[in-house]
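See structure below.
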Amino acid sequence: MVRERRRAASEGLAPQQAARRLTDEPRLTQALRALLQSQRVASLGTVNLDGTPLVSMVPFAIEPVQACVVLHMSGLAAHTGNLQRSTSVSLMVMQAETPGEPVHALPRVTLEARAEFLEAGTPIWSECRAAYLGRFPEAEPMTALGDFRFVALRVTGARQVAGFGAARNVSVQELAQVLSA
């Protein structure tokens, strides 16, 4: 909510206008934003050198100025090598399971993206680092390790399931709006 207020202020919107913009937003867009803001880990899909798939758990943050998903990866991880060979990725973010509740309608989104390894010290690296550490302050010591790098995922499409019977493709324009808010 703080991000939304800051963005609205930077756009010259009064608090009432900013609140109206969020409440006028379609229900599924609001659900997508809430899912991405409430979850901190995702499943990252990459392809190994031999063509077999690999799925890894990754913590993620969202950088609103760049409207991208931020990962912090070790050069020792198999998925990092896979991304260096092919920048195409899939990232699934899912609401946590509630014991005793049906799992088939769990809210989730699968993002399709291109990975961009960020050069340390650049403005985008600084923005992504700040977003990541804002979400994971305990990771700060790892940012000084030589084999860790920040990666920006440039989202190119998505498939959202917001519950039973509520599935849709999400446009790049809507994704940029969600990631930048």
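The values are calculated or read from the model by the stated rules, or taken from the named source; none is laboratory data. Please read these numbers as outputs of a predicted model, since none were measured by experiment. Reconstructed Cβ throughout: ideal geometry from the backbone, glycine too, with neighbour counts over all protein chains shown.
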**Item:** Residues of region 41-91 classified as among the charged types (D, E, K, R) and either in contact with a Ser or Thr (Cβ under 7 Å, 6 or more places away or on another chain) or closer than 20 Å to residue 125 by Cα (or both), total
**Value:** 1
**Selection status of residue 115, within 18 Å of the chain's Cα centre (by Cα) and assigned to a strand (DSSP E or B)** = yes
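Yes or no, residue by residue, for (1) of a type in the set (Ser, Thr, Tyr); (2) in contact with a strand residue (DSSP E or B) (Cβ under 6 Å, 6 or more places away or on another chain); (3) in contact (Cβ under 8 Å) with a residue 60 or more places away in the chain:
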| residue | (1), (2), (3) |
| --- | --- |
| 127 | no, yes, yes |
| 131 | no, yes, yes |
| 150 | no, yes, yes |
| 164 | no, no, yes |
| 167 | no, yes, no |
**Message:** One residue is enough: does region 99-108 have a residue meeting the conditions of a type in the set (Lys, Arg) and within 21 Å of residue 181 (Cβ to Cβ)?
**Reply:** yes
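Residues checked against (1) part of a helix (DSSP H, G or I); (2) closer than 26 Å to residue 80 by Cα:
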| residue | (1), (2) |
| --- | --- |
| 121 | no, yes |
| 134 | yes, yes |
| 138 | yes, yes |
| 149 | no, yes |
| 163 | no, no |
| 173 | yes, no |
**Prompt:** Inside region 1-95, counting only helices (runs of 4 or more DSSP H) that do not spill past its ends, which hold 2 or more residues that are at pLDDT below 95 and over 24 Å from residue 146 (Cβ atoms)?
**Reply:** 2-10, 15-24, 27-38
**Message:** Just to be sure I understand, how many residues within region 129-153 are more than 18 Å from residue 37 (Cβ to Cβ) and exposed (fewer than 15 other Cβ atoms within 10 Å of the Cβ)?
**Reply:** 8
**Request:** Return the only residue of 168, 154 being basic (Lys, Arg) and modelled with pLDDT under 95.
**Result:** 168
**Request:** Within region 144-161, track down each residue that is touching a Lys or Arg at 6+ places or on another chain (Cβ under 8 Å) and either among the small types (Gly, Ala, Ser) or within 17 Å of residue 69 (Cβ to Cβ) (or both).
**Result:** 150, 153, 154, 156, 159, 160
**Fill in**
For region 38-48, the count of residues that are surrounded by 15 or more Cβ atoms within 10 Å (Cβ to Cβ) and closer than 17 Å to residue 158 by Cβ equals 5
